[in-house]
Amino acid sequence: MLEFERLFLAKKLPEGLEKCKSKEVLDIYHPHDSHHPVLRLRKNGDKYEMTKKEVVSAGVFKEQTIILTAEEFNVLSKIEGKPVHKIRNFYPYDGRTLEIGVFQGALKGLVLIDVEFTSEEDMKNFTLPDFFLTEVKSKEFLAGGMLCGKSYSDIEPFLKQMDYKKI
């Protein structure tokens, strides 16, 4: 399945975010020793899955997902991996839903906004809201597989180069 998406750093949290639907997301990336793991075990609210995500071209990904039971997730989560924990907020904007990831734990202070599109043309025509700072899809250090196992201080020097201020 092809996926069209763009990723942005937040300048600030948008008004009304606390009223939006949200869910806890726990990702565990494998293998643990990989520089940039592409295999992800995910608890997404009350859903569980394992996904392999590979880059096809800029902003386009090939994704293969297997749905898991809670029991399967619990067994697989015992395998040593690299975790990332966030609260995903679903924010309505201009006829679409923005997914605003507010990171928890070691990455607290980082807020990323994921926007999915129906086509490359839809992706190009998107108008940025005022609470977006900059697009970071091409910034490998912010990919989930690169953030896993890191702390905010690990990535802070890179974020400062983009004028990001901890939220």
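Bear in mind these aren't lab numbers, they're just calculated from the coordinates by the rules spelled out. Since this is a predicted model, take the numbers as computed values, not measurements. Cβ sites come from the backbone with ideal geometry, for glycine too, and all protein chains shown count toward neighbours.
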Only residues that are surrounded by fewer than 18 Cβ atoms within 10 Å (Cβ to Cβ) and closer than 21 Å to Leu7 by Cα: list them for the range 57-87, please.
Ser57, Ala58, Val60, Phe61, Lys62, Glu63, Gln64, Thr65, Pro83, His85, Ile87
Condition broken by Glu140, with the remaining ones in (1) touching a residue at least 40 places away in the same chain (Cβ under 8 Å); (2) touching a strand residue (DSSP E or B) at 6+ places or on another chain (Cβ under 7 Å) satisfied
(2)
From Tyr48, Tyr91, which residue is in contact with a Pro (Cβ under 8 Å, 6 or more places away or on another chain) and either over 18 Å from Leu147 (Cα atoms) or not polar (S, T, N, Q) (or both)?
Tyr91
Within the range 4-19, can you find the residues that are of a type in the set (A, V, I, L, M, F, W, C), closer than 21 Å to Lys160 by Cα and not in a loop (DSSP other than H, G, I, E, B)?
Leu7, Phe8, Leu9, Ala10
Flag if Gly101 is closer than 14 Å to Ser22 by Cβ, among the small types (Gly, Ala, Ser) and surrounded by fewer than 16 Cβ atoms within 10 Å (Cβ to Cβ):
no
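Let's see how each residue does on (1) outside any helix (DSSP H, G or I); (2) touching a residue at least 60 places away in the same chain (Cβ under 8 Å); (3) closer than 19 Å to Gly81 by Cα; (4) within 13 Å of the chain's Cα centre (by Cα):
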position: Thr127; (1), (2), (3), (4): yes, no, no, no
position: Gly145; (1), (2), (3), (4): no, yes, yes, yes
position: Ser153; (1), (2), (3), (4): no, no, no, no
position: Glu156; (1), (2), (3), (4): no, no, no, no
position: Leu159; (1), (2), (3), (4): no, yes, no, no
position: Asp163; (1), (2), (3), (4): yes, no, no, no
Can you find a residue that is acidic (Asp, Glu), under 17 Å from Glu116 (Cβ atoms), over 14 Å from the mean Cα position of the chain (by Cα) and surrounded by fewer than 17 Cβ atoms within 10 Å (Cβ to Cβ) anywhere in the range 37-53?
yes
For Gly149, are the conditions met, namely being outside any strand (DSSP E or B) and surrounded by 13 or more Cβ atoms within 10 Å (Cβ to Cβ)?
yes
